[in-house]
Amino acid sequence: MTNDLNATVAQNVGLALDSQGRSITDLSRTTGIAERTLRRRMTGTSDWTTGEIALICASLGTSPQSLMRKAPSLAA
């Protein structure tokens, strides 16, 4: 995965967690992905895998496309 895509997924996972009032610890529990692994992915230290994205989507009730979509720029 490219660095831009990794950052986009991390940002969208963070936004989804915030909007649902959930934490990385909770996401770890519901996906079975180690919290340490999730934290490395969220900080860009390592790349997301397609399997992780699928587990996260199931836990968050979203689609892979929504996690990989860049938010529109707010710049005028």
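The values are calculated or read from the model by the stated rules, or taken from the named source; none is laboratory data. Nothing here was measured: the structure is a model prediction, and the numbers come from that model. Cβ atoms come from the backbone with ideal geometry, glycine included; neighbour counts cover every protein chain shown. These area figures cover heavy atoms from the full protein model, side chains too; ligands, DNA and RNA do not enter into them. Shrake-Rupley method; radii C 1.70, N 1.55, O 1.52, S 1.80 Å.
Observations
- Averaged per residue, region 20-75 has 62 square angstrom of accessible surface, using a 1.4 angstrom probe with ligands and nucleic acids left out.
- Helix axis angle, 3-20 relative to the chain longest principal axis, alpha carbon, degrees: 70 degrees
- Looking at the chain, the trypsin sites (Lys or Arg not before Pro) that sit in a DSSP loop and have at most 11 other Cβ atoms within 10 Å of their own Cβ are LYS70.
- Difference of contour (0.36 nm per residue) and Cα-Cα distance, ALA58 to ASP4: 17.2 nm
- P(r) tail fraction, the chain - alpha-carbon pairs more than 17 Å apart, %: 38 percent
- Its Cα centre serving as origin, the chain has a Cβ charge dipole (Lys and Arg +1, Asp and Glu -1) of approximately 60 debye.
- Across the chain, the mean sequence separation of Cα contacts (distance under 8 Å, 6 or more residues apart), normalised by length, yields a relative contact order of 41 percent.
- Gyration tensor (alpha-carbon) shape descriptor, region 5-47, a/c threshold 1.5: oblate
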